[in-house]
Each structure stands twice: as C-alpha cells, then as structure tokens.
Amino acid sequence: MSYSEQHLAETARICTQLDPAACEHCVTELRALRDRGGRLFILGVGGSAANASHAVNDFRKIAGIECYAPTDNVSELTARTNDEGWASVFVEWLRGSRLAARDAILVLSVGGGNLEHNISPNLVHALEYAKAVGTKILGIVGKDGGHTARLADACVVIPVINPANITPHSEAFQAVIWHLFVSHPQLKAAETKWESVAPQA
C-alpha cells in the first residue's frame, strides 16, 4: 500500500468513527448562542489558527453568528506575547473583549491544551477564564485527554486511527466538522455562492 492509499484509508475510517451526536450537540449550542445574541470566539494555535480564521468567515457569512479569532490581529497577538508572555495572550484578549456568559468559545486544537506538558498553555488559561465567567465551551480536538475535552460543554473528538498521523488528521477534520456545522439546516442562514448559482433540477 502506498502512503497515499494509507492516508486516504485512515481518513475514511475516521469518517465512519466520528460521533454524529457530538456534532449535533455542538450545533444545538451554536444555535442557542445565535438565538441569545452571543458572540463566538474561535481559538487555535499553529495550523489550527489558520483554520480559526477560515472558520470565522464561515460562521459570520453562512451562519450569521458574530465571530472573532484573536490570532487574526497579529499586531495585538505579538505585542501581548512580547510584553506579557505567550501563555496569557488569549485570556487577556478575551478580557479585553469583555467575554460574557452569553458568549461561547470554540477551540480548534490537536491536543486541547495541557499544562503538565506545557502544550498550548494559552488555551488552558483561556478555558479556565471562560469557565469562571460562565461562557459555553465548544471544541474540535484530536485527543480526549486534553483540557478542552475535559471542560467543554460540547466537543467533537477526532478518532485516533494512526498515532503517527494525529496532527494532520486532526487539523484536516477541523475543517470537515466546522463546515458540517455551518451547513447544518439548524445553523445555515445564507446560501453559499456556488450552490446559489447551480442549475435547479
């Protein structure tokens, strides 16, 4: 079997093992967030930060949810990193945004944050702050043992099919899952462009 065959086979297996009920739970929370006029803050680091930026666009444009990602403002992110340290960049950004109980956080992460191993401490501190103010926490993560999966009100965990490929599959499936969310009939508020110009059967 070639590596391409292996990778695609792993992808297919992940699809069959994802939990649809967890996806529906997240959609329910997102619909409630929109109904109460709350904001969605999407947190991610590295490749997940790039995914967060794309997801912000989709939640705003397709689902009609006011949405932001702190990593989209590189000037503030680097200023806070330089002046205050990396571990506090998200929590201080959320404080500045006046995070409230009506809002929600969506974490996109491979591991979900782990202070013991000093992995994504900025996610951990942001999650602790969100809990303290009563903000709902959602997640799309690749590990069920991280801080996000433990604290989340609703979370989709990407099944580990091959321990050597946790990161690529986790980050790829973040996109699959958030696209499921915004195209869900309970959330979709605006037609996507190509579907809007497709010939009607």
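Consider region 1-29 and keep the residues that are outside any loop (DSSP other than H, G, I, E, B), without any contact (Cβ under 8 Å) to a residue 40 or more places away in the chain and aliphatic (A, V, I, L, M). The one that is surrounded by the fewest Cβ atoms within 10 Å (Cβ to Cβ) is ALA21.
Pairs linking a residue in region 55-76 that is at pLDDT 95 or above to a residue that is surrounded by 18 or more Cβ atoms within 10 Å (Cβ to Cβ) and part of a loop (DSSP other than H, G, I, E, B), with Cβ atoms under 6 Å and 6 or more positions apart or on different chains, are VAL56/ALA69; PHE59/ILE65; ALA63/LEU187; GLU66/ARG39.
Among the helices (runs of 4 or more DSSP H) confined to region 117-201, the ones with at least 3 residues that are touching a Phe, Trp or Tyr at 6+ places or on another chain (Cβ under 9 Å) are located at 121-133, 166-183.
Determine, yes or no, whether VAL157 is more than 28 Å from ASP19 (Cβ to Cβ) and crowded, with 16+ Cβ neighbours inside 10 Å. No, not satisfied.
For region 125-150, a residue qualifies if it is within 14 Å of the chain's Cα centre (by Cα) and either surrounded by fewer than 20 Cβ atoms within 10 Å (Cβ to Cβ) or not small (Gly, Ala, Ser) (or both), and the qualifying residues are LEU127, LYS136, ILE137, LEU138, ILE140, VAL141, LYS143, HIS147, THR148.
Would you be able to say whether some residue in region 178-196 is surrounded by 15 or more Cβ atoms within 10 Å (Cβ to Cβ) and small (Gly, Ala, Ser)? Scanning region 178-196, I find no residue that is surrounded by 15 or more Cβ atoms within 10 Å (Cβ to Cβ) and small (Gly, Ala, Ser), so the answer is no. Within region 30-50, the residues that satisfy the criterion of being outside any strand (DSSP E or B), within 26 Å of GLY134 (Cβ to Cβ) and within 13 Å of the chain's Cα centre (by Cα) are LEU30, GLY44, VAL45, SER48, ALA49.
In the set (1) assigned to a loop (DSSP other than H, G, I, E, B); (2) in contact (Cβ under 8 Å) with a residue 60 or more places away in the chain; (3) surrounded by 14 or more Cβ atoms within 10 Å (Cβ to Cβ), the condition left unmet by GLY111 is number (2). Against the conditions (1) exposed (fewer than 14 other Cβ atoms within 10 Å of the Cβ); (2) among the acidic types (Asp, Glu); (3) closer than 18 Å to ASN51 by Cα, GLU171 satisfies every one except (1). ALA101 fulfils the conditions (1) in a loop (DSSP other than H, G, I, E, B); (2) out of contact with any Ser or Thr (no Cβ under 7 Å at 6 or more places or on another chain); (3) not acidic (Asp, Glu) except for a single criterion, (2). If you check LEU151, LEU187 for being farther than 18 Å from ASN57 by Cα, among the hydrophobic types (A, V, I, L, M, F, W, C) and either at pLDDT 90 or above or out of contact with any Asp or Glu (no Cβ under 9 Å at 6 or more places or on another chain) (or both), only one passes: LEU151.
The values are calculated or read from the model by the stated rules, or taken from the named source; none is laboratory data. None of these values were measured; they are calculated from a predicted model. Please note: Cβ atoms are built from the backbone with ideal geometry, for glycine as well, and neighbour counts cover all protein chains shown.
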